[in-house]
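Notes to accompany the following structure.
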Amino acid sequence: MMMQCPELYDGRTVLEQVIGNIDIGPTILHAAGLQTPDYMDGKSFLELPNQPDSPWRDYFLYVYYWEKNFPQSPTQFALRGDRFKYITYYGLWDVDELYDLTTDPGETKNLINDPAYKSVAKEMEDKLYSMLGEAGGMDIPMNQPRGNSQNKRWSEKGGREAADFPKTLVVEEPINRQAK
């Protein structure tokens, strides 16, 4: 994101803080001389270019809860820090992701199964659930769906069979049939 205001900032100032889209509204309100309402998440970054050492968040927590109207989108929790981003899909599609944003800003190489990053993944997971608990996000919200339900698995299979489980997520282990 770029912002320009020669009256406030020197050109080519780069911010390294973790800023999210939820910070844009409070920043615009601040620039207009208005208070951010309590119900809005985020905070103004208007002063950050001139006060880069002022307190700011170390992590950005992202939460999306599964909705019946969008059954193909699982519950997702993500934590973005200055270097790493950790994503977990809570529910059926449990394939976590870990990216090193310094070496892979395009998030093309998932490091979750790389032994060199095992401790980073665990640290990010612990931090994510800690922040989620502090924010009251461990209680899954239930809202009545709007409109008709999208029973895609039912209609696509003629109502008799469920969709196949993705083969990439199946771990087959040999079965020992000998009695012990």
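Since every read-out is calculated from the coordinates, none of them should be taken as a lab result. Worth saying up front: this structure is predicted, and the values here are computed from it rather than measured. Counting neighbours? That spans all protein chains shown, and the Cβs are built from the backbone with ideal geometry, glycine included.
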Expressed in angstrom and ordered largest first, the alpha-carbon extents of the range 58-140 along the principal axes are 36, 27, 20
With the convex hull built on the alpha-carbon atoms of the range 8-57, volume per residue in Å³ sits at 86 Å³
Arrange the following residues from fewest to most other Cβ atoms within 10 Å of their Cβ: I24, I19. I24, I19
Between the range 20-46 and the range 66-142, what is the C-alpha centre distance in whole Å? 26 Å
